[in-house]
Amino acid sequence: MTLELFLLLAAGLFAIGLFGALSQMSIVMIMMGLELMLNGVIVATAAFWFYVAPGGTDGQVLIVVVITAMAIEMAAGFAVATAIYRSRQVDMTDDAADLAG
Amino acid sequence: MISIVLFWVLAVAALVFGFLVFRLDSMAQVTFALLASFLAVAGLVLLLGLSYLGVVIVLMMVIEMVIMAVFMIMYMMNPAGLMPMSMFHNTKGSAVIAGVVFVALVAGILLVDWPTRQGEAAPDLTFALGEALMGGQMLTMMTLGVTLFATIVATVVLSTNRGRYDRFGDDLDRAVADDPAGGGVG
């Protein structure tokens, strides 16, 4: 186990999540991609804490922030999906392209 | 030795289940694949000695993914995998972007001269975290708390079907609420 191995895993999770967030059509699946990207961030943060600065608590606090961000992203995403489905029966990004440039 | 084996098992599991999230057909399976990926990451966090945060991730993700499964089945066009259909758009472009990002990250990871380990971990990490959140990192904690509260308000406002303007008019001056069905406390 080295810092590089953990960071490679984090990069892999981040890239898979990015692929999902960009390629999926369903709003809920896009949120899954975002969650997977944040999952990679958790791995990287924990590894940095352990291998670089185990003496401090900043790494742990950062993980708490990321976990909270995941929960907020999930709740806000579902609320938006519910609102747009209620008003227009839209559950796909391709049907919600009003703001596309 | 055991920790090295555990690392590889959990790392491969996290990646494979993460990959399966976008390969499986059934929405229920997709949700539980994502849960498995989260649990593998929680295992890695535990492996690094962060027992409290690891357990928090396990508890939170189990609940979050079970709730997510309900929403997935509600909103997906192919809830049970019975109607196989493509759910992708611009697959090639997305794959190229994700690939380029991965290569750039890997290059950074392998080329950067990372600093060496400094300091010793506190004997009780959970205590240290609590002390930080209630002391030096109090501002972080307060920001998180207010943000979570704002999320609660925002999600309820966004997802409610009929708000008070629907019930009491634009000026909120209707004497009796305009409800489709009477009764209750309204």
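The values are calculated or read from the model by the stated rules, or taken from the named source; none is laboratory data. What you see is a predicted model, and the numbers here were worked out from it, not measured in a lab. As a convention, Cβ positions derive from the backbone with ideal geometry for all residues, glycine included, and neighbour counts pool all protein chains shown.
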Only one of B:LEU110, B:LEU39 is in a helix (DSSP H, G or I) and either of a type outside the set (A, V, I, L, M, F, W, C) or more than 8 Å from every other protein chain (Cβ to nearest Cβ) (or both); which? B:LEU39
Matching residues in region A:47-70 - criterion: being small (Gly, Ala, Ser) and buried (at least 19 other Cβ atoms within 10 Å of the Cβ): A:ALA47, A:GLY59
Taking the condition at pLDDT below 95, within 7 Å of another protein chain (Cβ to nearest Cβ), part of a helix (DSSP H, G or I) and surrounded by fewer than 22 Cβ atoms within 10 Å (Cβ to Cβ), does A:GLU4 pass? yes
Is it the case that A:ALA96 is at the interface with chain B (Cβ under 8 Å from one of its Cβ atoms) and under 20 Å from B:THR155 (Cβ atoms)? no
Can you tell me how many residues within region B:165-183 are surrounded by 12 or more Cβ atoms within 10 Å (Cβ to Cβ) and either within 8 Å of another protein chain (Cβ to nearest Cβ) or part of a helix (DSSP H, G or I) (or both)? 3
How many residues are surrounded by 11 or more Cβ atoms within 10 Å (Cβ to Cβ) and either of a type in the set (Gly, Ala, Ser) or farther than 18 Å from A:ILE30 by Cα (or both) when one looks only at region A:89-98? 1
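Given the criterion touching a residue at least 60 places away in the same chain (Cβ under 8 Å), in a helix (DSSP H, G or I) and either buried (at least 16 other Cβ atoms within 10 Å of the Cβ) or facing another protein chain (nearest Cβ under 10 Å) (or both), identify the matching residue among B:LEU15, B:LEU53.
Numbers: B:LEU15 fails: touching a residue at least 60 places away in the same chain (Cβ under 8 Å).
None of the others qualify; the one that does is B:LEU53.
Report the residue count in region B:154-164 for those that are surrounded by 10 or more Cβ atoms within 10 Å (Cβ to Cβ) and either at pLDDT 95 or above or in a loop (DSSP other than H, G, I, E, B) (or both). If you could, list the steps in order and put the result at the bottom.
Keep residues of region B:154-164 that are surrounded by 10 or more Cβ atoms within 10 Å (Cβ to Cβ), which gives B:154-160, B:162-164.
Within this subset, residues satisfying the condition of being either at pLDDT 95 or above or in a loop (DSSP other than H, G, I, E, B) (or both) are B:160, B:162-163.
Residues flagged as surrounded by 10 or more Cβ atoms within 10 Å (Cβ to Cβ) and either at pLDDT 95 or above or in a loop (DSSP other than H, G, I, E, B) (or both) within region B:154-164 amount to 3.
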